[in-house]
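Quick notes on the structure that follows.
The values are calculated or read from the model by the stated rules, or taken from the named source; none is laboratory data. Keep in mind it's a predicted model, so treat the numbers as computed, not measured. Using ideal geometry, Cβ is built from the backbone for each residue, glycine included, and neighbour counts are taken over all protein chains shown. These accessible areas exclude ligands, DNA and RNA; they are computed on the full protein's heavy atoms, side chains included. Shrake-Rupley method; radii C 1.70, N 1.55, O 1.52, S 1.80 Å.
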Amino acid sequence: MELRQLRYFVVLAEELHFRRAAERLFISTPTLSQQIKVLEREMGGPLLFREPRVQLTAAGAVLLRTGKDVLGSVDEAITETRRTANSGASVLRFGLLNGTPPWLPARIEELLSAQVPGARIVLTGGTTADQIRLLDDDEVDLALVRAPVSLPDRFTQIPVAREELGVLMSATHALAAVGDIEPAALADHELILFARESAAGLHDALLRELGERGARVRLSDSAMGHAQMLAVLPSRPDLIGLSSSRPADLPGLVWRPLHGGPLVVTYAAAWRSVSRNPAVRTLVQTLVRRPLRESNRKLSPPTLLPYSGHRVVG
């Protein structure tokens, strides 16, 4: 049995609902179902009744009770071991979001170094969904995510930066010769976007805003990350993508802003609300106390956002 599978089961046993449990775990429902079946094979029998509604079997009730004790002991052991191992130096395990503007993690590291001399940052990359799982598994102390994102109550997030998004396309695309693109001009164009499960809140928000602004795009059946999109678009004049202006100078690509105001992606810093890492507390306090002012110009290049003092969720 893997601890990950045990955590999945405990959450499902608490929720008694596959979709809600999957959302809480930030995984897909099929993935959760598959892992529970693997666990049941390992245990030698069913842990759940699935119809007409999810209920625990007698074996499942035993695993829930003992599993909570096991997970609690593991979490305590990890926390105490890390505290001892890091007693001589401050270490911040930082979740580096894929595709983050290079200046943003550099600025965060600069702020930490100024407040905690000698502090060391350990980086772990991943998507927004990856970063939330890493936080939940106590594998990172602080993570960057793309908002909007709904987090459990045990997490806190604050917005730290915004970045303008425009239309990225092949230099041979029909709209490449246009300046600012009217949203309505994107009607029926095929939009390639990242997989929804990697950042569901942002995925839905972008499509909703495009629709509200008259950009009735067709969402592509293909889904890919930003790096893959950069490789595909130059040879596919039938596709468009959403991106910051950072790749605008790459060969074979053209970037255009949207007329009437930019689409905006917000970057947030997230952490466990009760964190025992003093480096996290110091860094968060620094971000709150000494933010950079948001530029009144267009949102490129990005800027650190001031923190309003309230907790941000969703």
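Backbone phi angles across the stretch 243-257, fed through the Karplus curve with coefficients 6.51, -1.76 and 1.60 (θ = phi - 60°), yield HN-Hα couplings of 7, 6, 7, 4, x, 4, 8, 6, x, x, 10, 9, 10, 9, x Hz in residue order; Gly and Pro are listed as x. For the stretch 227-247 versus the stretch 248-285, the inter-centroid distance based on Cα atoms is 20 Å.
Rolling a 1.4 Å probe over the protein heavy atoms of the chain, with every protein chain left in place, gives an accessible area that is 53 percent carbon and sulfur. Taking packing as the residue-averaged number of other Cβ atoms within 10 angstrom, the listed peptides 124-135, 229-240 run from highest to lowest as 124-135, 229-240.
Its Cα gyration tensor gives the stretch 189-288 an equivalent ellipsoid; the semi-axes, largest first and in whole Å, are 32, 16, 15.
Each Cα pair under 8 Å and six or more residues apart adds its separation to the average, and for the chain the resulting relative contact order is 21 percent.
Order these peptides, 194-206, 247-259, by their mean beta-carbon neighbour count within 10 angstrom, highest first. Each step should come with its number before you reach the end.
Working: 194-206: 18.3, 247-259: 15.8.
Highest to lowest by the protection proxy: 194-206, 247-259.
Ordered by packing density, taken as the mean number of other Cβ atoms within 10 Å over each peptide's residues, highest first, how do 215-221, 136-142 rank?
Averaged packing, sorted descending, gives the order 136-142, 215-221.
Annotation: amide H of residue 155 within the under-5 Å range of 273, sequence separation 5 or more or interchain, hydrogens built in the peptide plane.
Evaluated over the Cα positions of the stretch 66-206, the convex hull gives a direction-averaged projected area, one quarter of its surface, of 12.1 nm².
So what does log10 I(q)/I(0) come out to for the stretch 1-118 at q = 0.17, 0.21 Å⁻¹, using the Debye formula with one equal point on every Cα and no solvent? Each listed q maps to, in turn, -0.89, -1.09.
Per residue, the chain exposes 50 Å² of accessible surface when a 1.4 Å probe is rolled over the protein heavy atoms with every protein chain present. At q = 0.12 Å⁻¹, what base-10 log of I(q)/I(0) does the Debye formula yield for the chain when every alpha carbon is treated as an equal point scatterer in vacuo? Computed log10 I(q)/I(0) values: -0.92.
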